[in-house]
Amino acid sequence: MSIGSAGLTPTVQSRPVRLPLYHLTYGLLIESNPLNPKTNNNTDLSNDSSIRLPGPDWASPSLYSGMQSFMGRPYYRDLSNPDVDIVVSGVPYDLATTGRSGARFGPQGIRAATYNLSWEEERWPYNFNVFEKLGVIDWGDVEFTPGDCVHFVEALESHADKVLEADKTMLTLGGDHYITLPLLRAHARKFGPMALIHFDAHTDIDEQGGFYDHGTMFHTALEEGLLIPEKSIQIGIRTWLDRAEHPYHVIDAAEANDMPVAEISQKIRDVVGETQAYLTFDIDCLDPAYAPGTGTPVCGGLTTDRAMKLIRGLKGLNIVGMDVAEVAPAYDHADITSLAGATLALEMLYLQANNRMS
Ligand SMILES: [Mn+2]
């Protein structure tokens, strides 16, 4: 394929291809906005600290053209840029999965699903545009040697250390839920032991599993002193649980489905208080009707609506890090799960913006 002299007329085997009208605008935008990765796939922004981040009106005329970054934000890696508040990173890792693998495709599934969310200027029910309040970049994906768990952990911890040392807040897209352990280590190095706000069908405190196992992280994290158990809470649990021995507060799935949202939110606030907290959402907290695309689905979970309200209910808490894990698009239908993951991640951004405004 070659590109015509005007830059607007690609040809395939010398046969002109007729492009829709928006591609004309697309070409003009390359001239007028060289920072827009949706309209310019050739610009390397990686380490240019002189650029200013684009504002909230920065978008492609087509939702589905150009590179698929998170919410169409710039792919960008200069952490010294003071305009950057939030760093979104993908972690395409699923070697710790005990059920169906495939969460390595979660970041790209979530990014693609955000295109259906990026047209709304002021997200309902908020009355502002989050990108007016926060500088958000898509760092891209963390790179590691495939099949090497040890190198993966080193790579993710090192990446998180760099982001946190630059005083940026992380929003990380998994990957299987094991990714949260290296993230907690890096966050604890900066913030000390934290509260954990954990949405999941599973407690992930298995002491018998392997060390690189997505069912063991919150046992290991406790052993390593990364979390304050009495300040931590798990919501949506509906698999093995021994309440007598359990280290964390729990609102199980039956309770989470029966209690009013305001009551659940109040309980979370009562447990966490002012403590610095890490927020992690395993998409299998949702019922398989709302999130079929995941490795270990369990019936009897939350609705997407309830989960979104519960994220909004964390308003005012001191949340220092966030992730969404276990989206596995290969098992999805009509992108339901990717859209749920993308929406919850966006709700987390709005929560951050709201908390910084108040
Ligand atoms: Mn789970």
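The values are calculated or read from the model by the stated rules, or taken from the named source; none is laboratory data. Because the structure is predicted, anything quoted here is derived from the model rather than measured. FYI the Cβ positions are ideal-geometry reconstructions off the backbone, even for glycines, and counts take in every protein chain you see.
Please work out which residue is nearest to the ligand (Cβ to nearest atom), limiting yourself to the stretch 172-217 and to residues that are part of a strand (DSSP E or B) and either among the hydrophobic types (A, V, I, L, M, F, W, C) or surrounded by fewer than 20 Cβ atoms within 10 Å (Cβ to Cβ) (or both).
Taking the stretch 172-217 first, the residues part of a strand (DSSP E or B) are 172-174, 194-199.
Subset that is either among the hydrophobic types (A, V, I, L, M, F, W, C) or surrounded by fewer than 20 Cβ atoms within 10 Å (Cβ to Cβ) (or both): 173, 194-197, 199.
On the way: Leu173: 16, Met194: 20, Ala195: 19, Leu196: 14, Ile197: 15, Phe199: 9 Å.
So the residue we want is Phe199.
If a residue must be among the small types (Gly, Ala, Ser) and surrounded by 16 or more Cβ atoms within 10 Å (Cβ to Cβ), how many such residues does the stretch 135-154 contain?
Matching residues across the stretch 135-154 total 2.
Asp287: at pLDDT 95 or above, of a type in the set (Asp, Glu) and within 14 Å of the ligand (Cβ to nearest atom), yes or no?
yes
When Thr337 is evaluated against the numbered criteria (1) hydroxyl-bearing (Ser, Thr, Tyr); (2) more than 16 Å from the ligand (Cβ to nearest atom); (3) outside any loop (DSSP other than H, G, I, E, B), which criterion, by number, is the only one it fails?
The number of the failed condition is (2).
Can you say whether Thr114 is free of Cβ contacts under 8 Å to residues at least 40 places away in the same chain and of a type in the set (S, T, N, Q), as far as the supplied structure shows?
Against the criterion (free of Cβ contacts under 8 Å to residues at least 40 places away in the same chain and of a type in the set (S, T, N, Q)), Thr114 does not qualify.
Please state which one of Asp323, Asp270 is within 14 Å of the ligand (Cβ to nearest atom) and not in a loop (DSSP other than H, G, I, E, B). Give the steps one after another, and end with the answer.
On the way: Asp270 fails: within 14 Å of the ligand (Cβ to nearest atom).
Only one candidate passes the filter, namely Asp323.
List the pairs whose first member sits in the stretch 283-309 and is assigned by TED's automatic domain parsing to the domain that holds Thr172, whose second member is of a type in the set (Lys, Arg) and within 13 Å of the ligand (Cβ to nearest atom), and whose Cβ atoms are under 9 Å apart, counting only residues at least 6 apart or on separate chains?
Partner pairs satisfying both residue conditions: Thr294/Arg100; Gly295/Arg100; Thr296/Arg100; Pro297/Arg100; Val298/Arg238; Cys299/Arg238; Gly300/Arg238; Gly301/Arg238.
Being among the aliphatic types (A, V, I, L, M), surrounded by 13 or more Cβ atoms within 10 Å (Cβ to Cβ) and either within 15 Å of Leu196 (Cβ to Cβ) or in contact (Cβ under 8 Å) with a residue 24 or more places away in the chain (or both) is the filter here; which residues of the stretch 248-274 pass it?
So the first thing to find is which residues in the stretch 248-274 are among the aliphatic types (A, V, I, L, M), and the list is 250-251, 253-254, 256, 259, 261-262, 264, 268, 271-272.
After this cut, where a residue has to be surrounded by 13 or more Cβ atoms within 10 Å (Cβ to Cβ) as well, the list is 250-251, 253, 256, 259, 261, 264, 268, 271-272.
Residues satisfying the conditions are Val250, Ile251, Ala253, Ala256, Val261, Ile264, Ile268, Val271, Val272.
Among the residues in the stretch 328-344, are any assigned by TED's automatic domain parsing to the domain that holds Ser118, aliphatic (A, V, I, L, M), surrounded by 19 or more Cβ atoms within 10 Å (Cβ to Cβ) and in contact with a His (Cβ under 9 Å, 6 or more places away or on another chain)?
no
So Pro247 clears everything in (1) part of a helix (DSSP H, G or I); (2) away from the ligand (no atom under 16 Å from the Cβ) except one condition, right? Which one?
(1)
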